[in-house]
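A.B. asks: This is the structure, below, for whatever I ask next.
Every number here is computed from the coordinates shown, using simple stated rules; none is lab data. Predicted, not measured: the structure shown is a model, and the values here were computed from it. Cβ coordinates were reconstructed from backbone atoms using ideal geometry, including for glycine residues, and neighbour counts include every protein chain displayed.
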Amino acid sequence: MSVLMLAMAVVLCIAILVAAIVSIQVKGDKSMPIAILAAGLVSLLASVLFLILASPDVAMTEAAIGGGLSTFLFFFVLARMRSGEQTEREHSGVNHD
């Protein structure tokens with residue numbers, strides 16, 4: 001492995017750690033999309049790292065499943081949960097705004 005590839009791998013590992021910490025440390029209901037996007041960023045950076053490590057099949061799978069499908073699924077579930085809370089508030093007559 002050349003020095004440049006090693007340096008790129010180290011930078012990507014640091015970026016993955018930072019994105020993972022952001023994903024875990026985000027608090028509150030309003031910032032949940034930030035946590036979801038940070039988790040998706042971890043998957044996309046991992047796929048670039050797999051590509052650098054000469055494993056393109058794993059990189060494509062990680063990008064498609066980890067970065068794409070999982071992120072979409074998290075946003076879909078978040079939207080369903082928020083719409084369920086809104087419907088529950090309307091039926092109970094309580095307004096928490």
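A.B. asks: Put one equal scatterer on each alpha carbon of the chain, apply the Debye formula with no solvent term, and list log10 I(q)/I(0) at q = 0.15, 0.19, 0.23 1/Å to two decimals.
C.D. replies: -0.68, -0.91, -1.12
A.B. asks: Pulled fully out, how much extra length does the chain show between ILE14 and LEU53, if you take 0.36 nm times their separation in residues and subtract their Cα-Cα distance?
C.D. replies: Full-extension gain reported as 12.5 nm.
A.B. asks: For LYS30 and PHE75, FRET efficiency with R0 = 22 Å and r from the beta-carbon atoms, rounded to 0.05?
C.D. replies: With a Förster radius of 22 Å, E is 0.90.
A.B. asks: So between LEU6 and ILE21, what do we pick up on full extension, going 0.36 nm a residue minus the alpha carbon distance?
C.D. replies: Additional length available on full extension: 3.1 nm.
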